[in-house]
1. From the list Gly218, Gly226, Gly214, exactly one residue is touching a His at 6+ places or on another chain (Cβ under 9 Å) and crowded, with 21+ Cβ neighbours inside 10 Å. Which is it?
2. Are there any pairs, at least 6 apart or on different chains, whose C-beta atoms fall under 9 Å, with the first in the range 1-20 and more than 14 Å from Thr116 (Cβ to Cβ) and at pLDDT 65 or above and the second part of a helix (DSSP H, G or I) and not small (Gly, Ala, Ser), and if so, which?
3. Assuming Ala172 fulfils every condition listed in (1) touching a Lys or Arg at 6+ places or on another chain (Cβ under 7 Å); (2) within 27 Å of Arg64 (Cα to Cα); (3) of a type in the set (A, V, I, L, M) apart from one, which condition is it?
4. Looking at the structure I just gave you, is Gln131 part of a loop (DSSP other than H, G, I, E, B), polar (S, T, N, Q) and either touching a strand residue (DSSP E or B) at 6+ places or on another chain (Cβ under 9 Å) or modelled with pLDDT of 80 or more (or both)?
5. Being in contact (Cβ under 8 Å) with a residue 40 or more places away in the chain, touching a helix residue (DSSP H, G or I) at 6+ places or on another chain (Cβ under 9 Å) and under 28 Å from Ser89 (Cβ atoms) is true for just one of Val249, Val187, Val154, Val160. Which residue is that?
6. Would you tally the residues in the range 206-253 being modelled with pLDDT under 90 and farther than 26 Å from Ser144 by Cα?
7. Restricting to the range 207-237, what's the tally of residues that are in a helix (DSSP H, G or I) and either of a type in the set (Val, Ile, Thr) or under 9 Å from the mean Cα position of the chain (by Cα) (or both)?
Amino acid sequence: MPTQQTGRRSATALVGRALLQVPDDPGPAAGRAPGPAGARRRRRVVVAGTLLVGTALLGWSLTRPPGDPWFVASTFALAAVWVVGALLSGPLPLGRWVTGSGRVVPPVLPGLLIGTSAVALFCAGGFLVSQVDVLQAAVLAVLSHLRWSVLGLVVAAALVNAVAEELFFRGALHDAVDELRHPWRAVLVTTAVYTVVTAASLNGALVLAAAVLGTLCGLHRRATGGVLGPVLVHVVWSTGMVVLLRPVVLAAG
């Protein structure tokens, strides 16, 4: 028991540090080099154009009725929009993580732990959502695509979009608005934009999820200086939602 409690405390402390710490080095190694003014303007133009196309396609995709053959195809197309926009905007740093012993490593473990914590948080929230008819209906409307489409394709589309969204929102968009003098600005802006874009789905549950997930991924991007950690958070969260959320909501309801 003491060992388990110590392990849980260590994991909790690591998650807290992975969300709230500010990198000691704000320069290129932390993924926060300001870059030439021309490159920054170009990034912002690419980001703005990608947002317009992506928002329109997201709204069309997530308002498809269950069983619509275009749903899966449109979600893959949406992922392509985010990825192309992210890559055209400029370099995307992977980020780094400094362990307790001082070693610099890729932020794999903190990303996985935050993602797992997010799954637990949303599953717990699923019990609360099931008590609110409007939110329960919104959740089940999204998950109903699992009943009418090939499960493997839906899961693949969800995971591909998880990676694509992080490359764009916590990669390209984050770097387009980040400023060394205001370390929290990029977190606030990327979360707000991500939430507003998700509102195109006309689904209240997705908008609420975007606000929470966007905050977690934005904080982790700021703490690690790159996109690898947020990508892992989103991939773990998406997997958990596809596998666990529907049974939780139905059982609680």
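1. Unique residue meeting the criteria: Gly218.
2. Filtered contacts from the range 1-20: Arg17/Pro110; Leu20/Leu219.
3. (2)
4. Yes; evaluated as a whole, the condition is true for this residue.
5. On inspection, the qualifying residue turns out to be Val160.
6. Residues in the range 206-253 being modelled with pLDDT under 90 and farther than 26 Å from Ser144 by Cα: 0 in total.
7. 18
The values are calculated or read from the model by the stated rules, or taken from the named source; none is laboratory data. Everything quoted here is computed from the prediction, not taken from an experiment. Backbone-built Cβ (ideal geometry, glycine too); neighbour counts: all protein chains shown.
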